[in-house]
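The values are calculated or read from the model by the stated rules, or taken from the named source; none is laboratory data. Predicted model only: the values in this text are computed from it and were never measured. Cβ sites come from the backbone with ideal geometry, for glycine too, and all protein chains shown count toward neighbours.
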Amino acid sequence: MDAVDGSLLALANDPSYDPNRYYESSLDLFKNWALSDLYEPGSTFKPINVALALEAGAIQPETTVYDEGRIQIGKWPIENADYSYVGPRGTLSVGEVLKYSSNIGMVRIMQKLNPEVYYEGLQRLGLGEMMGVDLPFEVPSTLKSRGQFTNVTVEAATVAFGQGLSVTPVKLVQLMAVLANGGKLVTPHVVKGLYDSKGHLYWQLSLPEPKQVFSSQTTTTVLNMMETSVDAGTGKEAQIPGYRIAGKTGTAQKAVGSRGYSKYAKITSFVGILSVNHPRYVVLAVIDEPESGSGGTVAAPVVKEVMEALIGIKQIPPSNFGEVKSKAESEPELDEAEEQQ
């Protein structure tokens, strides 16, 4: 997605079908999964929560929380994915909570936010509503009722690390675009308009005005935190030399109807924003029930590959291009003998 205006530049579902021989394929493959199926986003939702807490003034970038590794909320145990071999991480900054993808750290952060304010923030982001994308079969994201969210403590705790609410992949991309464009909620769309044979635009898609939901200061702060997730955290597989990438991994438990969560099935994902210094493009990969691995090992390489193609297509210069060019211009040219030395 182009975060500036919500243009969906590429959208793919796999496995797919051959349109020329569609009658040989299962009907399940005809769906646009990215718009018609819901999933719990898991840790890819954590940056949105951090932005909500920052915007409300519940935390500051320098705020620290204590990560015990495992806690009990009512009758429900909650723990970090790596608790069995890492144990408690202790005191963490907000940025480190994202870097290590700490579930307990996120619970502690969001406990600083009044549940009513938290719920209103989620509603402000359009959760539970339709986006209005110009493609068929969109389903709305889901959010628990206000009463359940504010009165049942575990509800806010699970949403803190991206469980207990459901989104479509395109909805998550829309939310991540908010962090990339300075805080505006834009409408995802694939149609730009209609052009005549001479290339003149004679009809343009009417889109609602973008809604300002975060300050640019908040989004810049969160983007810088997300960069550490790629540089030194769970999203290392999305690194592209010369480019500052913001990203977040997700490995979420898969809900099984009314029976709670599967013990084995996972949905892994990674969302990346290109680039931190000039944020514009949002890329998401969601892998349903991979044989093994996590969002960082399964989905992040897919996002990296798409971003590398995007860099070539859009001719996006390296993040330090201006600095390198200025340095090159200021240095004296070497003659052939000096270059050989």
**Report entry** Boolean, LEU113 is surrounded by 21 or more Cβ atoms within 10 Å (Cβ to Cβ), more than 19 Å from the chain's Cα centre (by Cα), among the hydrophobic types (A, V, I, L, M, F, W, C) and within 19 Å of GLU155 (Cβ to Cβ)
**Finding:** yes
**Report entry** Residues of the stretch 187-200 satisfying the condition of being part of a loop (DSSP other than H, G, I, E, B), of a type outside the set (Val, Ile, Thr) and in contact with a strand residue (DSSP E or B) (Cβ under 9 Å, 6 or more places away or on another chain)
**Finding:** PRO188, LYS192, ASP196
Query raised in the report: Just to be sure, is TYR281 free of Cβ contacts under 8 Å to residues at least 60 places away in the same chain and touching a Lys or Arg at 6+ places or on another chain (Cβ under 9 Å)?
Result: no
Report summary line: Taking the stretch 201-215 and keeping only residues that are over 30 Å from VAL94 (Cβ atoms), of a type in the set (A, V, I, L, M, F, W, C) and either out of contact with any strand residue (DSSP E or B) (no Cβ under 7 Å at 6 or more places or on another chain) or in a strand (DSSP E or B) (or both), one is left with LEU201, TRP203
Query raised in the report: Does any residue of the stretch 216-223 turn out to be touching a strand residue (DSSP E or B) at 6+ places or on another chain (Cβ under 8 Å), crowded, with 20+ Cβ neighbours inside 10 Å and either closer than 13 Å to ALA51 by Cα or of a type in the set (Asp, Glu) (or both)?
Result: yes
**Report entry** Number of positions in the stretch 162-214 that are among the small types (Gly, Ala, Ser) and buried (at least 23 other Cβ atoms within 10 Å of the Cβ)
**Finding:** 3
Report summary line: Every listed condition ((1) without any contact (Cβ under 8 Å) to a residue 60 or more places away in the chain; (2) out of contact with any helix residue (DSSP H, G or I) (no Cβ under 7 Å at 6 or more places or on another chain); (3) closer than 28 Å to ALA232 by Cα; (4) small (Gly, Ala, Ser)) holds for GLY105 save (2)
Report summary line: Of the residues in the stretch 147-166, those that are in contact with an Asp or Glu (Cβ under 8 Å, 6 or more places away or on another chain) and touching a residue at least 12 places away in the same chain (Cβ under 8 Å) come to PHE149, THR150, GLY162, GLN163, GLY164, LEU165, SER166
Query raised in the report: Taking MET131, is it crowded, with 16+ Cβ neighbours inside 10 Å, among the hydrophobic types (A, V, I, L, M, F, W, C), under 18 Å from the mean Cα position of the chain (by Cα) and not in a helix (DSSP H, G or I)?
Result: yes
Report summary line: Going through the stretch 167-209 in order, the residues found to be under 18 Å from ALA51 (Cα atoms) and either charged (D, E, K, R) or without any contact (Cβ under 8 Å) to a residue 24 or more places away in the chain (or both) are LYS171, LYS184
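To keep it simple, each residue is scored yes or no on (1) assigned to a strand (DSSP E or B); (2) modelled with pLDDT of 95 or more; (3) over 19 Å from ALA81 (Cβ atoms).
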{"site": "ALA252", "(1), (2), (3)": "yes, no, no"}
{"site": "SER262", "(1), (2), (3)": "yes, no, no"}
{"site": "THR268", "(1), (2), (3)": "yes, no, no"}
{"site": "VAL271", "(1), (2), (3)": "yes, yes, no"}
{"site": "VAL282", "(1), (2), (3)": "yes, yes, yes"}
{"site": "VAL298", "(1), (2), (3)": "no, no, no"}
{"site": "LYS304", "(1), (2), (3)": "no, yes, yes"}
{"site": "MET307", "(1), (2), (3)": "no, yes, yes"}
Query raised in the report: Just to be sure, is LEU98 touching a Leu at 6+ places or on another chain (Cβ under 7 Å), of a type outside the set (Ser, Thr, Tyr), surrounded by 14 or more Cβ atoms within 10 Å (Cβ to Cβ) and in a helix (DSSP H, G or I)?
Result: no
